[in-house]
Amino acid sequence: MSEGQLAALLLWLLLLGTSMNRALWHNLRTTSLYQHLLLGSAIVLIPLWLLRAGLHDGLTIHFLGITSLTLLLGWRLALWAPCLTLLLLSYTGVEEWANVGWNALLGIALPVATSWLLFLASWAWLPRHLFIYLFIAAFLGGALAISTKVLATALLLGLSGDYPWQTIIDDYLSIWPLLLFPEALLNGMTMTLLAIYRPHWVNTFFDRTYLGR
């Protein structure tokens, strides 16, 4: 493991540690719904992350589902659930153990931050309406989340010299636009179903606010 990989892993562990406060930990231990949602989300992500496309090792792209997870669980638990998925994929050899830190920072933390900041912005500056929530926070959030992940990964690989810039552009960034709409649609449909059938599961959905009395 290189110094950069070690630094990324330590930064990710620090981020995980600071995200879990005492109240959340207590609720997670005592509330079965939180436990089921956390473990269920980690399991649901496995097939999404296994369906990947790419021509080179490290230059693969896959659906994320992180925006739905962030809106469902809140940003703190949204950091933990994909972490379980990433550890399982690393254990089975799908991902490299040495890159766990970078994969977590770029593939989990960055999309979670993007999704959460967009939700906060839509809550603060836009009308609090169901369609705003679904189309901005969920649909657009999914597209932005996968965009930040892909662009940050391309930048890291280019600056590290692992691949020439032309290879990154031709064999990696060229795939990115093809996943924008499917990723956005995946998150938009997921949150639509959850808002309709299981609104009490969703951490960021307030039916009286978005739907009225």
Margin query: Which of the numbered conditions does W80 fail, given that it passes all the others? Conditions: (1) outside any loop (DSSP other than H, G, I, E, B); (2) at positive phi.
Written below: (2)
Item checked: Hits in region 185-213 (condition: in contact (Cβ under 8 Å) with a residue 40 or more places away in the chain and of a type in the set (V, I, T)) -> T190, T192, V202, T204, T209
Notebook entry, point to check: L194: assigned to a helix (DSSP H, G or I) and within 16 Å of the chain's Cα centre (by Cα), yes or no?
Noted result: no
Next item on the list: Please identify the pairs in which a residue from region 165-184 that is small (G, A, S) has its Cβ atom under 7 Å from the Cβ atom of a residue that is modelled with pLDDT of 90 or more and in a loop (DSSP other than H, G, I, E, B), counting only partners at least 6 apart or on another chain.
Entry: none
Next item on the list: Output yes when any residue across region 150-171 is of a type outside the set (G, A, S), loosely packed, with under 15 Cβ neighbours inside 10 Å and not in a helix (DSSP H, G or I), and no when none is.
Entry: yes
Notebook entry, point to check: Which of the residues spanning region 151-172 are within 19 Å of the chain's Cα centre (by Cα) and polar (S, T, N, Q)?
Noted result: T153
Check: Just wondering, is there one or more residues in region 113-132 that are β-branched (V, I, T), in a helix (DSSP H, G or I), modelled with pLDDT of 95 or more and surrounded by fewer than 21 Cβ atoms within 10 Å (Cβ to Cβ)?
Finding: no
Notebook entry, point to check: Between a first residue in region 115-138 that is farther than 18 Å from L186 by Cβ and a second residue that is outside any helix (DSSP H, G or I) and open to solvent by 50 Å² or more (accessible area, probe 1.4 Å), which pairs have beta carbons less than 6 Å apart while being 6 or more apart in sequence or on different chains?
Noted result: I132/L126
Check: Name the helices (runs of 4 or more DSSP H) wholly within region 1-77 that hold at least 2 residues that are open to solvent by 10 Å² or more (accessible area, probe 1.4 Å) and small (G, A, S)?
Finding: 3-19, 32-50
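The values are calculated or read from the model by the stated rules, or taken from the named source; none is laboratory data. Keep in mind that what you see is a predicted model, and the values were worked out from it rather than measured. No Cβ is skipped: glycine too gets one built from the backbone with ideal geometry, and neighbour counts run over all protein chains shown. These area figures cover heavy atoms from the full protein model, side chains too; ligands, DNA and RNA do not enter into them. Shrake-Rupley method; radii C 1.70, N 1.55, O 1.52, S 1.80 Å.
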